[in-house]
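Colleague: Next up is a structure, given as structure tokens.
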């Protein structure tokens with residue numbers, strides 16, 4: 001059962017501004033640690049590897065993005081703190097992660113049935129509301145760089161789930177989110 005779009009934010013610490021730094025500042029490449037919690041062969045994993053490749057190509061090797069997948073560096077609950085402390089420079093967390101650090105407006109994305117399609121989602125994330133939400137991360141030491149699509153929430157069980165009543169009595173494993 002499809003219930004909601006799950007955008008992600010490609011979030012980076014202020015050090016990401018170094019992407020545009022001239023080569024004369026340093027001979028060694030700028031190294032950016034990009035941590036995420038999923039496997040390499042997932043959409044997020046493949047997107048992060050593509051991002052790393054393109055960053056190297058577009059900066060002629062002046063920037064090297066090291067991708068640490070599958071919670072190699074930090075577990076899900078530790079990543080944002082590591083970003084805020086500068087231990088990593090890029091993350092691709094789900095939006096539910098921003099509620100606990102005080103930006104609860106992102107929890108609206110966990111509401112079921114809020115978007116019917118990509119076009120509706122992108123109107124919000126690419127528009128003024130999306131930009132306002134990203135700006136709310138700045139006081140937390142996080143710069144939201146972009147929203148990444150993360151697919152639909154799919155709920156499954158050993159019986160069909162077609163109506164809300166079909167969920168009655170089931171225990172579901174869900175992502176940590178007050179809304180969910």
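The values are calculated or read from the model by the stated rules, or taken from the named source; none is laboratory data. All values reported here derive from a predicted model rather than from experimental measurement. We place every Cβ from the backbone using ideal geometry, glycine too, and count neighbours over all the protein chains shown.
Colleague: Can you find even one residue in region 59-68 that is under 23 Å from residue 153 (Cβ atoms) and modelled with pLDDT of 90 or more?
Modeller: Taking every residue of region 59-68 in turn, none turns out to be under 23 Å from residue 153 (Cβ atoms) and modelled with pLDDT of 90 or more.
Colleague: Which residue is surrounded by the fewest Cβ atoms within 10 Å (Cβ to Cβ), if the candidates are limited to region 164-177 and must be under 30 Å from the mean Cα position of the chain (by Cα) and part of a loop (DSSP other than H, G, I, E, B)?
Modeller: Within region 164-177, the match that is surrounded by the fewest Cβ atoms within 10 Å (Cβ to Cβ) is 173.
Colleague: Give me the residue from region 142-158 that is at pLDDT 80 or above and assigned to a loop (DSSP other than H, G, I, E, B) and, out of that set, surrounded by the most Cβ atoms within 10 Å (Cβ to Cβ).
Modeller: Taking the candidates together, the pick is 142.
Colleague: Testing residue 67 on (1) surrounded by 15 or more Cβ atoms within 10 Å (Cβ to Cβ); (2) out of contact with any helix residue (DSSP H, G or I) (no Cβ under 9 Å at 6 or more places or on another chain), one condition comes back false. Which one is that?
Modeller: Status for residue 67: all satisfied but (2).
Colleague: Check region 29-38 and report whether any residue there is modelled with pLDDT of 90 or more, in a loop (DSSP other than H, G, I, E, B) and at positive phi. Quick ask: steps written out before the conclusion?
Modeller: Kept after step one, since they are modelled with pLDDT of 90 or more, are these residues of region 29-38: 29-38.
After this cut, where a residue has to be in a loop (DSSP other than H, G, I, E, B) as well, the list is 29, 36-38.
Filter once more, keeping what is at positive phi: none.
No; the residues of region 29-38 include none that is modelled with pLDDT of 90 or more, in a loop (DSSP other than H, G, I, E, B) and at positive phi.
Colleague: Continuing with this model, one more query. So residue 51 fits all but one of (1) at pLDDT below 90; (2) part of a helix (DSSP H, G or I); (3) under 15 Å from residue 145 (Cβ atoms); what number is the exception?
Modeller: The failed condition is (1).
Colleague: OK, next. From the list 161, 133, 180, pick out the single residue that is over 25 Å from residue 46 (Cα atoms), part of a loop (DSSP other than H, G, I, E, B), touching a strand residue (DSSP E or B) at 6+ places or on another chain (Cβ under 9 Å) and touching a residue at least 24 places away in the same chain (Cβ under 8 Å).
Modeller: Only one candidate qualifies: 180.
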